[in-house]
Amino acid sequence: MSAVAVNQVGYLSSGPKRATLVTDAVEPLTWQLVDGAGEIVAEGRTRPRGTDVSSGQNVHTIDFGGRRQAGAGFTLTADGATSRPFTIGPGLYRPLLTDALKFFYCQRSGIEIREDLRPGYGRPAGHLTDSDVPCAPDAGDYRLDVRGGWYDAGDQGKYVVNGGIAVWQLLHAFEHRRGLDDLALDLPESGNGVPDLLNEVRWELDFLLRMQAPTGMVHHKMHDSAWTGLPTLPHLDPQPRVLRPVSTAATLNLAAVAAQGARIFRKYDADYADRLLAAARTAFTAAGDNPIRYAPVEDTIGGGPYDDDDVRDEFYWAAAELYLTTGEQRYADAVLESPLHTADVFGPYAFDWAATAAAARLDLALTPSALPGRDDVRASVIAGADRYLAVLRAHPYAVAYAPPGNQWHWGSNSMVLNNLVVLAVAHDLTGEPGYRDGVLEGLDYLLGRNALRLSYVTGYGTDYAENQHSRWYAHQLDPSLPHPPRGTLAGGPNSGLQDEVAQARLAGCVGQFCYVDDIESWSTNELTINWNAPLAWVTAFAAEIG
Ligand code: 9MR
């Protein structure tokens, strides 16, 4: 069966325009672009690409980049197959950017979600008792006020390393992308004189500060004492909550994002910036005194582990943010002495919550500073981007991610996005249009130009993921509950198939096919704060161009 996979949201007038044809044919075929009125407005020949490793399909590329005229309802036809409709025009990404960011308010813990601000999503405040949570016996003998923050994902745990990378990415977008200071997100704080994106991030940063113990070390996570079933609304969660032990990784996450936050919030709230910076310094020192407190892989009762036994990258990242904020020599030394500073941090996968050295490198490349050797820092980012761009260009679905052995990771969609972030930063550094076009074409994959011909963003495209694993957005299990809000990213193909639904339905799957839009497939179809954050970052870039 032939099929044409397109970006179902559309193509920017000024951007690249490619689609992927699945066919048995090995010779070039004719394609036609048909407008909303049924007229053929362009024609051409496909480019055969052979067998695509990521899907096992025989595919061709359709390039209709010559077409710049705007319109809605275009379709592409080739080999008897017709694509889903799509738009060509400017401004396609601003709504998606806004929705990707509005997602975070609905993830908030400890506060009512107002129906007037999120129609269809109002709910009572969840986990108000997080204001007084005991340590587990192996974690200490005190209690902390750890209210607020964002729920991590489909579970209602709150994890510092994942909150940390999500906060970093949103603040990084705020600092380095345009058009975010006045973006309205319809929050309870809107209109308080602070940009809405910072209002949203502060909800999580305040929580991260509360996770710091009196010693300066930071608790790795807090969550239910046992896993709850689906659905469970946050305010109805019957499980007691518990603080798990401190970790070096969590402590360095706080050091990194509190330092970054101090730099960015100073203009709006100097007292808050002072508090953030003090917490960051304390955390960095505490981590230096406790460098090998690793969060173990076995810690999976009632919450995920976020295990990490290599924190050299977190040290590098925290040092970099402290340096960029303070300019102090001791932090510069820590950056320059880090083995990660000269290492290749743009490897065959992508950066994420566990691999954070790229966060340091990207910030050192973009944020003005007097760091010696900054040209080498920038050159390393460009070299990384060149690698991801080559992967994307060689890929018939234009994916900036080709994991070794075609073994796709948990949350692969976020890895695709984080590699696009590297391309976007290379564009910032060089102005080379090839990187910009790579980012735009890379987004096609997430919005329907993939082997499943599915948009992974709820509410975007014709066929989209909408049953992401969630205890609240559990419409699939209880029709009185909502689907996830528009702009929610699904985790995406994961060769690991860790859950039973995936095991039953996807056994033997090839790469891109290792995904199912089922609420119980938590290993392929969850939603998380650290996956929507790169979606926001990359769509902010695309919105600048549109
Ligand atoms: O995103 C995390 C992924 O990188 C890990 O491989 C996986 C197993 O440790 O855990 C994922 O994180 C989950 C977390 O543990 C609990 N909340 C939901 C997260 C996304 O599935």
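The values are calculated or read from the model by the stated rules, or taken from the named source; none is laboratory data. All values derive from a computational prediction rather than experimental measurement. Here the Cβ positions follow ideal geometry from the backbone for every residue, glycine too, while neighbour counts run over all protein chains shown. These accessible areas exclude ligands, DNA and RNA; they are computed on the full protein's heavy atoms, side chains included. Shrake-Rupley method; radii C 1.70, N 1.55, O 1.52, S 1.80 Å.
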Completion exercise
Within the range 243-281, DSSP-loop chymotrypsin sites (Phe, Trp or Tyr not before Pro) with at most 12 other C-beta atoms within 10 Å are none
Handout entry: Cut-off under 5 Å, modelled amide H: who pairs with residue 483 long-range
Key = 475
Handout entry: Probe 1.4 Å, accessible area per residue of the range 4-88, Å²
Key = 42 Å²
Practice task
Find the centroid of the Cα atoms in the range 173-224 and in the range 15-88, then give the distance between the two in whole Å.
Solution key: 42 Å
Handout entry: Farthest positive-ward along the chain dipole, Cα basis, beta-carbon charges - from 168, 216, 128
Key = 168
Completion exercise
Expressed as a whole-number percentage, the relative contact order of the range 4-88 with C-alpha contacts under 8 angstrom and at least six residues apart is 38 percent
Exercise for the section: For residue 218, enumerate residues with amide H under 5 Å from its amide H, sequence gap 5+ or separate chain, H modeled in the peptide plane. Expected result: 213, 247, 251
Problem - Proximal lysines to residue 267, defined as alpha-carbon separation beneath 29 angstrom and excluding residues fewer than eight positions away on the same chain - result: 102, 158
Handout entry: Between helix 94-106 and the chain: long-axis angle, C-alpha atoms, 0 to 90°, nearest 10
Key = 40 degrees
Problem - Gain on full stretching of the segment that runs from residue 82 to residue 271 - 0.36 nm per residue minus C-alpha separation - result: 62.2 nm
Problem - Sequence of 17, 102 from largest to smallest accessible area, 1.4 Å probe - result: 102, 17
Problem - Heavy-atom accessible surface of the chain: percent carbon and sulfur, 1.4 Å - result: 52 percent
Exercise for the section: Quick one: check the C-alpha center-to-center distance for the range 93-126 versus the range 413-487, whole angstrom. Expected result: 18 Å
Handout entry: Given charges at beta-carbon only (K, R positive; D, E negative), |dipole| of the range 4-88 in Debye
Key = 300 debye
Problem - Residue-normalised accessible area of the range 345-440, expressed per residue, 1.4 Å probe, Å² - result: 31 Å²
Handout entry: Test item: Cα-centred dipole of the chain, Lys/Arg +1 and Asp/Glu -1 on Cβ, debye
Key = 940 debye
Fill in the blank from the handout: For the chain, cysteines with no other Cys Cβ under 4.7 Å from their own Cβ are listed as 106, 135
Handout entry: Other-chain or far-sequence residues with amide H under 5 Å of residue 464's (modelled H)
Key = 455
